[in-house]
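The values are calculated or read from the model by the stated rules, or taken from the named source; none is laboratory data. These numbers were taken from a predicted model, which means no experiment stands behind them. Cβ sites come from the backbone with ideal geometry, for glycine too, and all protein chains shown count toward neighbours. These area figures cover heavy atoms from the full protein model, side chains too; ligands, DNA and RNA do not enter into them. Shrake-Rupley method; radii C 1.70, N 1.55, O 1.52, S 1.80 Å.
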Amino acid sequence: MTSASLSGVSNDDSIAINRLSQQFLLEYPKEAANVLEAYPLEEMASLLAEQPTTTLIRLWNFFPPHIADQLLPLLENRAQKNLLLAMDTPDCAQTLNRLSKEDKKRCLDNLPEDYANDLQKLLEYPERTAGQMLDPRVIRLLPDNTADDALRLLRQKKHKPIRKVFMVDADQQLQGIVDITALALCEGDEKLQQLALPPRTLISPFDSLDEVADKLTQFNLDTLPVIDINGKLLGAIQHPSLLRTLQDNSLTDIQAMVGVSREERALSKAFFAIKKRLPWMEINLVTAFVAASVVALFEDTIARFTALAVLLPVVAGQSGNAGAQAQAVTIRGLALKEITVRNWLRVLFKEINIGVVNGIAIALTTAIGVYIWSASFGLSLVIAIAMVISMVMAGMAGAVVPIVLTKLGQDPAQSSSIILTTITDIAGFMSFLGIATLLSALL
């Protein structure tokens, strides 16, 4: 697909092959990206630099992040500039944020100064906030501008999926919003102040992405204006950009729940992964020793009745599952704003009721199995009682831990799993071995 590979063919054949190659890249970008990944990075950069911007941006969307991040600094200035300008601004900012300091500076220096400054501002906002998702390249017009003025600007930005035009005053304070459908249907000399509608809702750049998603859903919007404390329009958040970010965040939340850094990717360097994972592994080891110390308290009981050691993982495993289920539902409710920290008592009683009913059902099944295995009524009774107690306690912990972490301003997905595992293990061990000690005469 490179000019070097075309040596030995006629000029007409060379033109035909180039056209076929460009057609393949344009119409089958996913397959083309898979083919290009086998090329050396320098050769990929050379080939991509020859492509039109429309082809380049379509291909770019199918490159894995680790390939794109290595490839971007290798592109020649013109291709790099066109690619960055064609990206959605939030995607562009997030891409630059993953580069080294030197590569980031080179990319920013290659862009128009005003746009580079806008990107630099986005990079300064805290992670997972509206500021990192806003697009400052919105169309701003004054109230006296006409529909023809707006349509002329829209035609200049035809590569951008713009749905709204924003009416601002001389101080850039937001006055109203005009839908492009209204512009297309009105007379060309009609002024924006006659077409503009007041914004249905607004958001600050420091609001969380969850709040952004709530407002977009609540008001059924595809574009959400972002303003500063003085009402000045900073830009807007487009629904597709937010959707991509929320999907990525949902996957990183899964990583965070098991103590893996949000920044780690499948092909991240081993040292980076070790640095991010090891602290959580050490914390998990400490909590495991805490749970083990509970078992040590009942060492004599276990020595007398060795069957308890065999059944101990059964109780701990069931309580762990019960806690994980309650935790998952609670975290989802908090994320989707179905509940707030003020609903903690209602959620707690719900999980207690579930724990009692499920605990009794599981306890009966477990007791029957243990009786068939051991022929001991006492052992069956002990594990049945312990199962109910541990599952109720696990459900309570699964509901309360995420709510408490949220109340303390912490991310419930980041550390609730380790805390919950410790609580459910202790609950399972303590209830089973404690009941066994109290009812040792029946064993």
Non-local amide H neighbours of LEU221 (under 5 Å, H modeled in plane, Pro and chain starts lacking H): which ones? none
With all protein chains present and a 1.4 Å probe, how do CYS186, CYS107 order by accessible area, largest first? CYS186, CYS107
Student exercise, the chain dipole from Lys, Arg, Asp, Glu Cβ charges, in Debye to nearest 20: 900
Apply the Debye scattering formula to the chain, with a single equal point scatterer on each alpha-carbon and no solvent, then give log10 I(q)/I(0) at q = 0.07, 0.11, 0.13 Å⁻¹. -0.56, -0.98, -1.15
Once Lys and Arg get +1 and Asp and Glu get -1 on their Cβ, which of CYS186, ASN343, LEU197 lies farthest toward the positive end of the dipole of the chain? ASN343
VAL226 long-range amide H proximity, modeled H, under 5 Å: LEU234, GLY235, ALA236, ILE237
List the relative contact order of the chain as a percent without decimals, with contacts defined as Cα pairs under 8 Å and 6+ residues apart. 11
Taking 0.36 nm per residue of separation between GLU299 and LEU154 and subtracting their Cα-Cα distance, the length gained on full extension comes to 44.5 nm
For the chain, what is the accessible area per residue in Å² when the probe is 1.4 Å? 54
Starting from 0.36 nm per residue, how many nanometres of slack lie between VAL290 and ARG163 once their C-alpha separation is accounted for? 40.0 nm
Grab the other residues whose beta carbon is less than 10 angstrom from that of LEU192, score K and R as +1, D and E as -1, and report the net. -2
FRET efficiency for ASN321 and VAL35 from the Cβ-Cβ distance with R0 = 35 Å, rounded to 0.05, comes out at 0.20
How would TYR371, TYR39 line up by accessible area, probe 1.4 Å, largest first? TYR371, TYR39
Provide the FRET efficiency to the nearest 0.05 for the LYS121-LYS337 pair, computing r from the beta carbons and using R0 = 30 Å. 0.60
Would you calculate, for the chain, the mean residue ellipticity at 222 nm contributed by helices, counting each DSSP H stretch of 4 or more residues as -39,500 (n - 2.57) and dividing by all residues, to the nearest 500? -21500 deg cm²/dmol
Can you give the FRET efficiency to the nearest 0.05 for ARG140 and ASN230, using r as the Cβ-Cβ distance and R₀ = 22 Å? 0.90
Keeping every protein chain in place, order MET396, MET387 by accessible area at 1.4 Å, biggest value first, i.e. largest first. MET396, MET387
So for the pair LYS275, LEU26, with labels modelled 7 Å out along Cα→Cβ, what separation do we get in nm? 4.4
In the chain, what percent of the accessible surface is made up of carbon and sulfur (1.4 Å probe, ligands and nucleic acids excluded)? 59
Around LEU142: net Lys/Arg minus Asp/Glu count, Cβ-Cβ under 13 Å: -2
Please label the shape of the stretch 170-230 as rounded, prolate or oblate, based on the square roots a ≥ b ≥ c of the eigenvalues of the alpha-carbon gyration tensor (a/c under 1.5 means rounded; beyond that, a/b larger than b/c means prolate, else oblate). oblate
Computed over the Cα atoms, what is the radius of gyration of the stretch 348-436 divided by 2.2 N^0.38 Å, N being its residue count? 1.25
For LEU174, distant residues with modelled amide H under 5 Å away: LEU233
